[in-house]
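Asker: Before anything else, here's the structure in question.
Nothing in this text is a laboratory measurement; each read-out follows from the coordinates by a stated rule. Computed from a prediction, not measured in an experiment: that's the story for all the values here. As a convention, Cβ positions derive from the backbone with ideal geometry for all residues, glycine included, and neighbour counts pool all protein chains shown.
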């Protein structure tokens, strides 16, 4: 298969993408393709969609968010130039009767249930398919589509929905493409990763200790609540959240205090001002190295920050609003002055929800600020997405 009109160039699929499509075809055009982030699942799916359109089939693409809906719509319009590409979600209300390919958010697909029009067959493509195991979103898994393609980087859930629902619906996992193989094939570059510890200021440390005392005290109370699950931590946290919402007594107050302290502790770490000073050497050094390039072609050098949403807003405010913190205290302009004047800064957050479809191809440096240890595959996903586009 060949993708055409992508960025105005003729572009062939990687070998692994062809192998994955062949495997999917052999499985009766059904199956989940589990491939590492940044390896090209979208291009693979567009090739499958193009094949379906040639056979007179309608195509429904279900995506996690409005942002991805727009990214998919743009990619499909670029490649499938003769097809009518519609959207369902946000303020868009296109229907299966008015387009050839419909890109819908999960919630919109679950609510409106767009099925193939007339007697035409249909292909259902589900991006991040592991997210459709919940009671509401599973309604987007429409049985009216005979052909089904699930895409994911991590076919995992904390419940039994993968084995009980997703794999039976899609017909099993038809192809897997891992991190090491992607590196060996040259699809993704091997990243170089460095962890940089950032100390808290005296004030931040004092606040952290005070919040930790509240957290410990509330936890001790909650341990005494009957039937409170202590392990795994996810079950404990879910039970505490339920208790905080439903109980107005002492147990509920302890649950609310625990959740508040838990959130504030994470916020202290995520918004530590020490992280700003860690950014300065990168920005100054990068700007110095790319000074001539920045002057002649402004906005070509980019830095991507992936962080907790709170720190993202914190950082964005400092860069875009005169380098001032949320607390109102001035922050030295020397940290972001050169950065703000010489480069274009892109911001991304919530890796697992958003993915890396929007990561620009001219990214040279990536900074991921963790408010603690990385969660799940966050670090691997980040380094893969960056490594796909840059050697360093």
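Asker: If you average over every viewing direction, what projected area does the convex hull of the Cα atoms of region 123-265 give, in nm²?
Answerer: 13.5
Asker: On a C-alpha basis, how far is the centre of region 28-45 from the centre of region 176-229 in Å? Whole number, if you could?
Answerer: 30
Asker: What's the center-to-center distance, using Cα atoms, between region 235-279 and region 50-81 in Å?
Answerer: 40
Asker: How do 209-217, 146-154 rank on mean C-beta neighbours within 10 Å, highest first?
Answerer: 146-154, 209-217
Asker: How big is D for region 19-67, in µm² s⁻¹ as a whole number, if Stokes-Einstein is applied with the Kirkwood radius of its Cα pairs at 20 °C and 1.002 mPa s?
Answerer: Translational D for this selection: 178 µm²/s.
Asker: Continuing with the same structure: Given the Cα-Cα distance of residue 84 and residue 210 and 0.36 nm per residue of separation, how much length would full extension add, in nm?
Answerer: Value of the extension gain: 39.5 nm.
Asker: Could I ask something else about it? Do me a favour and compute the ellipsoid semi-axes for region 1-152 from its Cα gyration tensor, root of five times each eigenvalue, largest one first, whole Å.
Answerer: One finds semi-axes of 21, 17, 16 Å for region 1-152.
Asker: Counting DSSP beta bridges in region 2-184, what percent are antiparallel, to the nearest 5?
Answerer: Just about 15 percent of them are antiparallel.
Asker: Using only Cα atoms, what Kirkwood radius does region 214-283 have, in angstroms?
Answerer: The Cα-based Kirkwood calculation yields 13.5 Å.
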